[in-house]
1. All but one of (1) closer than 25 Å to Leu225 by Cβ; (2) open to solvent by less than 60 Å² (accessible area, probe 1.4 Å) hold for Ala149, so report the exception by its number.
2. Criterion first (buried (at least 18 other Cβ atoms within 10 Å of the Cβ), touching a residue at least 40 places away in the same chain (Cβ under 8 Å) and among the hydrophobic types (A, V, I, L, M, F, W, C)) does Leu225 satisfy it?
3. Would you pick out the residues in the range 60-77 that are in a strand (DSSP E or B), open to solvent by 60 Å² or more (accessible area, probe 1.4 Å) and modelled with pLDDT under 95?
4. Would you check if there is a residue in the range 191-203 being touching a residue at least 60 places away in the same chain (Cβ under 8 Å), touching a Lys or Arg at 6+ places or on another chain (Cβ under 9 Å), of a type outside the set (A, V, I, L, M) and crowded, with 17+ Cβ neighbours inside 10 Å?
5. Have a look at Thr106, Thr57, Thr80 and point out the one that is open to solvent by less than 10 Å² (accessible area, probe 1.4 Å) and either of a type in the set (D, E, K, R) or in contact (Cβ under 8 Å) with a residue 24 or more places away in the chain (or both).
6. Can we say Phe42 is within 21 Å of Leu100 (Cβ to Cβ), among the aromatic types (Phe, Trp, Tyr) and crowded, with 18+ Cβ neighbours inside 10 Å?
7. Which ones in the range 138-184 are under 24 Å from the mean Cα position of the chain (by Cα) and among the β-branched types (Val, Ile, Thr)?
8. Before we move on, is Tyr121 among the aromatic types (Phe, Trp, Tyr) and farther than 20 Å from Lys76 by Cβ?
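The values are calculated or read from the model by the stated rules, or taken from the named source; none is laboratory data. Keep in mind it's a predicted model, so treat the numbers as computed, not measured. As a convention, Cβ positions derive from the backbone with ideal geometry for all residues, glycine included, and neighbour counts pool all protein chains shown. These area figures cover heavy atoms from the full protein model, side chains too; ligands, DNA and RNA do not enter into them. Shrake-Rupley method; radii C 1.70, N 1.55, O 1.52, S 1.80 Å.
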Amino acid sequence: MNKPLCAGALAMALTSLSSQADTLLGVYAGAQAWDMETTGGFSDSNNNVDFNFDDETKGSFYVALEHPVPFVPNIKLQRTGLDTNGQTVLSSSMTYGGELFSADTTVNTSLDLVSTDYIAYYELFDNDLVSFDLGINAKHLDGDIYLEAKNDATQNAARDFSGFVPMLYSRVEVGVPFTGLGAFVEGSFLAFDDNKITDYQAAITYGLLDNLAIDATLQLGYRSLEMELDDLDGIYTDFEFSGAFVGVEVHF
């Protein structure tokens, strides 16, 4: 067998092995830097008060595992930090954590919150041009909200809360052939009685690396998380976290 033919056979074999490996198991991992703006308020008595919060750059990390086993969903785990601080002059009095904060009091606010998404989904349609995923998301919220009067540190109160929120999940992705460009829209949604959560992101993507071992993609987009909770572990919220993000995803 001549050398060109040997090289061609070897290339075809490597491509075949890579394709089979990806068919058997695909791992996606990504990280995003999110320029997050926070608005809204909270209470522990269904009488929310709006607060001022600082803009923050937060991190979001995820990993997804896809496989060809019939009827068994793919899985994705995503973790996002939402903590921020702020200072507000209360326009009206409020009771929080058993402590009365009078109107016109300047209060320092600390919000320590983590959102973790446990997603199970199916690929209903998937090719090089369009893909569509649908599934469910068990979003776990774990947080602590602390208030302290600026001029009287002895006047303070804190409440922690934690719980799962079931949501619908979907993702649509499109690609532009021969350019490396693409786009996706991804979101989780819930609307039930007085509870409403929407967590969506949309981005333009560009393939940085594409070979037999690994693919790498750059993301540039926008994310919004609106969280209206009615008595989650004793806490009521009306938050919106939003802003642009840049990220990188790798596919093994």
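1. (1)
2. Numbers: buried (at least 18 other Cβ atoms within 10 Å of the Cβ): yes; touching a residue at least 40 places away in the same chain (Cβ under 8 Å): yes; among the hydrophobic types (A, V, I, L, M, F, W, C): yes.
Judged against the criteria, Leu225 is a match.
3. If the condition is that a residue be in a strand (DSSP E or B), open to solvent by 60 Å² or more (accessible area, probe 1.4 Å) and modelled with pLDDT under 95, then no residue fits.
4. Within the range 191-203, one or more residues are touching a residue at least 60 places away in the same chain (Cβ under 8 Å), touching a Lys or Arg at 6+ places or on another chain (Cβ under 9 Å), of a type outside the set (A, V, I, L, M) and crowded, with 17+ Cβ neighbours inside 10 Å.
5. Numbers: Thr106 fails: open to solvent by less than 10 Å² (accessible area, probe 1.4 Å); Thr57 fails: open to solvent by less than 10 Å² (accessible area, probe 1.4 Å).
The unique qualifying residue is Thr80.
6. On the way: within 21 Å of Leu100 (Cβ to Cβ): yes; among the aromatic types (Phe, Trp, Tyr): yes; crowded, with 18+ Cβ neighbours inside 10 Å: yes.
Criteria met by Phe42.
7. The answer is Ile145, Val165, Val172, Val174.
8. On the way: among the aromatic types (Phe, Trp, Tyr): yes; farther than 20 Å from Lys76 by Cβ: no.
So Tyr121 fails the test.
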